[in-house]
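*Asks:* Please read through the structure below; I'll follow up with questions.
The values are calculated or read from the model by the stated rules, or taken from the named source; none is laboratory data. This structure is a prediction, so every number in the text was calculated from the model and none was measured. Virtual Cβ from ideal backbone geometry, glycine too; neighbours counted across all protein chains shown. These area figures cover heavy atoms from the full protein model, side chains too; ligands, DNA and RNA do not enter into them. Shrake-Rupley method; radii C 1.70, N 1.55, O 1.52, S 1.80 Å.
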Amino acid sequence: MSFDEYEKALELCTYCPKLCRHTCPVGNAERRESVIPQAKMAMANLVRKGQVELTPETASVFYHCNGCGLCGEYCEHDVDVTPALFAARAEAVNKGMDPPSMKQFTDRFYARNDSLLHELHHTIEERFFVEEAQVAYFPSCDTIEHSPRVLHDTLKVLESVGVDYVALHDGEYVCAGYPFWAAGLMSELSFLAKEIASKLSNYKKIICDCPACVWMMRFLYPQLGAPISAEVLHVVEFMDNYAPRIQVSSTVPEAFYHDPCYLGRWLGVFDAPRRLMGRAVREIHEFTWNRERGYCCGGGGLVADNLPDVSAKIAQRRLEEVMRTDVPMVVSACATCERNLSQESGNVEVVNLMTLLARQL
Amino acid sequence: MSVPQSEITGQLAEAVGPENLSSSPVDTIAHALDFWPRALMKSRSGPWPRGPKWVVWPGAAAEVAHVLRIASAYALPVIPYGGGSSMVGGASPRGDRPWIVINCKRMCNILDMDEVSMVVHVQAGIVGVELEERLNARGFSLGHVPTSMTTATLGGWLSTQSAGMLSSRYGRVGDLCLGLTAVLPDGQVVHTRVAPRRATGPELAHLLIGAEGTLGVITAAHLRLHRLPLHRRFDSFCFEQVAPAMGALRQSLAAGVRPLVARIQRDPRLRRSDREQDAPEPTPADLSRRVLLLAYEGPVELVEVEQEIVRDLATALGGEGLGQAPARRWWGQRFAAGFRMTPLLVQDHLFADYVELGATWQALSGLYDNLEEAFEKRGWRTRITVEHARLEGASLGCAFWGEADSAEAALEAYDEAWRLAARVCHAGGGGLGHVYGGGQHRAALLDDNAKQRLAVLTEVKRKLDPAGIMNPGILGTE
Ligand SMILES: Cc1cc2nc3c(=O)[nH]c(=O)nc-3n(C[C@H](O)[C@H](O)[C@H](O)COP(=O)(O)OP(=O)(O)OC[C@H]3O[C@@H](n4cnc5c(N)ncnc54)[C@H](O)[C@@H]3O)c2cc1C
Ligand code: SF4
Ligand code: SF4
């Protein structure tokens, strides 16, 4: 959608008394008035209306957003801030006013993709890359880069419940393009979406370990003219059908469950991960901010790349509640969350749900 | 005096650190307005107002002191900024001189908590809901819940003597404040001692509470806490008119009941969204009905006794018991009111605001009727709520809105609505600015008695702030 199509949302935020201030992980970490949801949207609106000049400096506030969607959860006007701010980023890119940190983003994206593709083939045995399979496992960039063992663990868990018809997708890309969306690079995203959709439409079902990839393929790709005919599921949604086949071992006495923003708020998957976690953990602790109100880990929206200190503070805030207890573990179902939280978790272990399940096999 | 901007920038950077100082448009634009509807309405058709020249984020009282000494030396206006939720232009720009905004939000920590005495020592830049959540995690509550809880700060609350929706039980925020740390305009840091009671002169804290940043910057406070309640219960009664509903509430308070929530409003069953699709349009009798919504909290035995007393009084005055549901429902949506004005403000031919006036019980019901009648005569819509009830009186919160032919006409109608509200209020013995403070806006509409009182404040300010830097133009100060 173009920037102007967000007029209603942008106007409502401009004239809102900043009621969702408290929800914004970035605003809370930076404590600056200019990066609370209302102010970011107001800046986008003033730029849209020509009341403020679009410059790399004014555009920079659009990039202080994790894209977590928590503000919208609180908003009684149903404003969805993320797509509006990402559209503002696209506007900045189109006018050549994106901040310096965004330069050569496309080159960096593809260089990383190629190196991770190489890494994937290096890590996973070739027997898992089968061309003709009913279900394709689309591994994500952050999983390959930061949690490669999740790939093995996922395959191991699938095998253990008798699912032997899943193959790793042997494509050219290991990312559905969320970084392009978040960077405001819409034509690059469209191109990538069409490439990926054409390859994945051969399968009946796609499973991804990255909740943002699932959301992109399910909801954004059709808007970009790249619908995927296959059913796209997060691995947790897929595994939920097999939960009864996973032996209950409850080897872990207690752990917190962290809702990844895209799996929870965006895809509405709250119970499946808790059900699966219950096969391995005796007592699941809930964060005060959980489920629809789950607080971001700080990893989304390119904030971890552009503003690493802010991202670290967000992770610290998320973990504060765990640190006040003796609970030794946080479980999540997203490699980005795992990476971001574990950087700040000290002695608390941050574990991917698939790894947790694989451990008991 | 001319303003050597780069020299000042250098000095401010020294005071707070260069990373906590900004003149970037990104930051100045974000501090160019608060939530004063008049200024927001003006911005719809005009340019976005100019922001401050400098924004600083001090981390401690000593840094605030340094900034104020610089401002005094150059006679630069200083606006303390909390959440910017002021509805009276308290944190909005004014005047031609470049000014400094002191954004307090880096001062956002709980410094100490004495769980035995139930006292918390906390910095003033903390956002209300964050403070409450931190207290709740330890089994306590402040008991101060304004509708702007998610956006306003403790410093803003104290500076405006804020009243929350639990004020009938816990009082205004000033009633919860046991001591303050504040920086006076000359850079002097004052701490008022925290003690249960003392008789050595007037309480300095109460000069600063409600001063709206005209006498200094509040940086921290000691606050009284309450244990999280064990039990909460709701109740509701419907009356044919507002007067008996007020009578029931007044008599209940006089009988010693301290409800957690006590408010009188239109019958919520008439709300369009709550009515059956084929329900007949409300009759005049339906429209004059009022509902008393109540909540109680505390030990079960106490709650039951309070509920019994109110039930007897309400029934004796013709109140029909509606049970827990309407009050419980209001509680579930208690922050929703904060969202209602925005859709009116985005349309440039509409105008809207919220008159809040206080009066004794003797005057309240007459004022209620007169205000409603005066607005409706002009074709402007109103919704009046009786809230913040105390032994001696209560507040009328009157949301009003209307339509005009153009953006300019909307501004004129807005000003006329306020002049009308002030006339009705003064004639009926009420006081304007009962909840949101005086700011730039209400101060000009106050009655002679209030203006006399504020003239004394101006005298005090001249002594404490000879350079006139602290929030000039607020509460009638120069
Ligand atoms: C939707 C909505 C609902 C509201 N509901 C209520 C309500 O229920 N009850 C109520 O009382 N008010 C309410 N208000 C008004 C407003 O929220 C209060 O006045 C609040 O106390 C302001 O706090 P703030 O942190 O936003 O202060 P700001 O708006 O930033 O400032 C308010 C005034 O205090 C001064 N100030 C701020 N911080 C300091 C400090 N540390 N030291 C000295 N001066 C300072 C400012 O200069 C300004 O004059 C509401 C406002 C809105 C928009
Ligand atoms: S998202 Fe909703 S609550 Fe947040 S600033 Fe916008 S309108 Fe206000
Ligand atoms: S989507 Fe998340 S990070 Fe972005 S403005 Fe909203 S709350 Fe903040």
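*Asks:* Per the helix-only calculation at 222 nm, which mean residue ellipticity applies to chain A, given -39500 (n - 2.57) for every DSSP H run of n ≥ 4 and division by its residues, nearest 500 deg cm²/dmol?
*Replies:* -12500 deg cm²/dmol
*Asks:* Charges only on Cβ, +1 for Lys and Arg, -1 for Asp and Glu: so what's the dipole of segment B:110-227 about the Cα centre, in debye to the nearest 20?
*Replies:* Dipole of segment B:110-227, to the nearest 20 debye: 340 debye.
*Asks:* Okay, next question. Would you tell me the mean number of C-beta atoms belonging to other protein chains that fall within 10 Å of each C-beta in B:220-232, as a whole number?
*Replies:* 0
*Asks:* Which of rounded, prolate, oblate describes segment B:142-205, given a ≥ b ≥ c as roots of the alpha-carbon gyration tensor eigenvalues and a/c under 1.5 marking rounded, otherwise prolate only if a/b is larger than b/c?
*Replies:* Taking the square roots of the gyration eigenvalues as a ≥ b ≥ c, segment B:142-205 is oblate.
*Asks:* Over the alpha-carbon set of segment A:129-256, divide Rg by the Kirkwood Rh and report the Rg/Rh ratio to two decimals.
*Replies:* 1.00
*Asks:* Quick one: grab Rg to one decimal and Dmax as a whole number for chain B, Cα atoms only, in Å.
*Replies:* Cα radius of gyration and Dmax of chain B are 23.0, 72 Å respectively.
*Asks:* Here is a follow-up. Report the Cys residues of chain A lacking a disulfide-compatible partner, meaning no second Cys Cβ under 4.7 Å from their Cβ.
*Replies:* A:13, A:16, A:24, A:65, A:75
*Asks:* Also, I was wondering about something else. Quick check on segment A:225-313: take the gyration tensor over C-alpha atoms, sort the square-rooted eigenvalues as a ≥ b ≥ c, and tell me if it's rounded (a/c under 1.5), prolate or oblate.
*Replies:* oblate
*Asks:* In debye, nearest 20, what is the charge dipole magnitude of the protein assembly as shown about its Cα centre with +1 on Lys and Arg Cβ and -1 on Asp and Glu Cβ, if you could check?
*Replies:* Roughly 1800 debye, rounded to the nearest 20.
*Asks:* Treating only the Cβ atoms of Lys and Arg (+1) and Asp and Glu (-1) as charged, compute the dipole magnitude of chain B about its Cα centre; round to the nearest 20 debye.
*Replies:* 440
*Asks:* Between segment B:1-42 and segment A:100-158, what's the alpha-carbon centroid distance in Å?
*Replies:* Measuring centre to centre over Cα atoms gives 47 Å.
*Asks:* Computed on alpha carbon atoms, what radius of gyration and Dmax characterise segment B:232-334, expressed in Å?
*Replies:* Radius of gyration, then largest Cα-Cα span, for segment B:232-334: 13.8, 44 Å.
*Asks:* Would you kindly calculate the translational diffusion coefficient of segment A:122-188, applying Stokes-Einstein with the Kirkwood radius from alpha carbon pairs, for 20 °C and a viscosity of 1.002 mPa s, and quote it in µm² s⁻¹ without decimals?
*Replies:* 162
*Asks:* Oh, and also: Where in segment B:249-337 are there GluC sites (Glu not before Pro) that are in a DSSP coil and have at most 13 other Cβ atoms within 10 angstrom of their Cβ?
*Replies:* B:276
*Asks:* Okay, next question. Can you give me the accessible area per residue for segment B:338-446, using a 1.4 Å probe, in Å²?
*Replies:* Result: 39 Å² of accessible area for each residue.
*Asks:* Say a site is exposed when it is one of the trypsin sites (Lys or Arg not before Pro), sits in a DSSP loop, and has at most 16 other Cβ atoms within 10 Å; what is then the longest site-free stretch of chain A?
*Replies:* The answer is A:205-323.
*Asks:* So with the 1.4 Å probe, I'd like the accessible area per residue for segment A:57-177, rounded to whole Å².
*Replies:* 42
*Asks:* Between their Cα atoms, which of A:8/B:42; A:8/B:105; A:8/A:194; A:156/A:205 are more than 26 Å away from each other?
*Replies:* Checking Cα-Cα distances, A:8/B:105; A:8/A:194 exceed 26 Å.
*Asks:* Just flag the GluC sites (Glu not before Pro) in segment A:112-148 sitting in loop per DSSP whose Cβ has no more than 15 other Cβ atoms within 10 Å.
*Replies:* Qualifying residues, ordered by number: A:125, A:131, A:132.
*Asks:* So which DSSP H runs in chain A come out at 15 Å plus along the axis (Cα) with average Kyte-Doolittle of at least -1.0?
*Replies:* Span-like helices, by this rule, are A:37-48, A:81-94, A:105-123, A:148-160, A:186-200, A:308-323.
*Asks:* How many angstrom separate the Cα center of segment A:299-339 from the Cα center of segment B:346-416?
*Replies:* Distance between centres, Cα-based: 47 Å.
*Asks:* Here is a further query. Could you work out Rg/(2.2 N^0.38 Å) for segment B:338-446, with Rg from alpha carbons only?
*Replies:* After normalising by residue count via 2.2 N^0.38 Å, the value is 1.04.
*Asks:* Separate question: Using a 7 Å offset from Cα along Cα-Cβ at residue B:376, what residues in segment B:262-287 end up with backbone N under 11 Å from the label point?
*Replies:* Answer for this model: B:284-287.
*Asks:* If one takes the longest principal axis of the Cα atoms in chain B, at what angle in degrees, from 0 to 90 and to the nearest 10, does the Cα axis of helix B:242-254 lie?
*Replies:* 70
*Asks:* Compute the long axis of helix B:300-316 from its Cα atoms, compare it with the longest principal axis of the Cα atoms of chain B, and write down the angle in degrees, 0 to 90, nearest 10.
*Replies:* 60
*Asks:* Given C-alpha coordinates of segment B:1-98, what is the ratio Rg to Rh with the Kirkwood estimate of Rh?
*Replies:* The Rg/Rh ratio comes out at 0.98.
*Asks:* How large a share of the accessible area of the protein assembly as shown, in percent, is made up of carbon and sulfur atoms when the probe is 1.4 Å and the other protein chains stay in place?
*Replies:* In the protein assembly as shown, the share of accessible area belonging to carbon and sulfur is 50 percent.
*Asks:* Would you mind computing, in nm to one decimal, how far apart the modelled labels at residue A:115 and residue B:324 are, each placed 7 Å from Cα along Cα→Cβ?
*Replies:* If labels sit at residue A:115 and residue B:324, their model points lie 6.0 nm apart.
*Asks:* For the pairing of chain A with chain B, what total accessible surface becomes buried, with a 1.4 angstrom probe, in square angstrom to the nearest 100?
*Replies:* In total, this chain pair buries about 3200 Å².
*Asks:* Moving on to the next point. Cα gyration tensor of chain A, axes a ≥ b ≥ c as square roots of the eigenvalues: rounded (a/c below 1.5), prolate (a/b > b/c) or oblate?
*Replies:* Judged from the Cα gyration tensor, chain A comes out oblate (a/c at least 1.5, b/c at or above a/b).
*Asks:* On to the next question. With just the Cα atoms defining each centre, how far is segment B:142-189 from segment B:292-325? Give it in Å.
*Replies:* Their Cα centres are 29 Å away from one another.
*Asks:* Once the Cα atoms of helix B:5-16 and of chain B are each reduced to a long axis, what angle between those two axes, in degrees from 0 to 90 to the nearest 10, is obtained?
*Replies:* 70
*Asks:* Might you tell me the accessible area per residue for segment B:110-227, computed with a 1.4 Å probe and given in Å²?
*Replies:* 36
*Asks:* Rounded to the nearest 500, what is chain B's calculated 222 nm mean residue ellipticity when only DSSP H runs of at least 4 contribute -39500 (n - 2.57) each, over all residues?
*Replies:* Rounded to the nearest 500, it is -10500 deg cm²/dmol.
*Asks:* Per Stokes-Einstein, at 25 °C and 0.890 mPa s, what whole-number D in µm² s⁻¹ belongs to segment A:259-361, with the Kirkwood radius over Cα pairs as the hydrodynamic radius?
*Replies:* It comes out at roughly 177 µm²/s.
*Asks:* Kindly tabulate the residues in segment B:114-139 with an accessible-area decrease of at least 10 Å² between the chain alone and the assembly of all protein chains, using a probe of 1.4 Å.
*Replies:* Buried by 10 Å² or more upon assembly, which counts only protein chains, are B:127, B:129, B:130, B:133, B:134, B:137.
*Asks:* So what are the three principal axis dimensions of the protein assembly as shown from its Cα atoms, in whole Å, longest to shortest?
*Replies:* Principal-axis extents of the Cα atoms in the protein assembly as shown, largest first: 88, 69, 59 Å.
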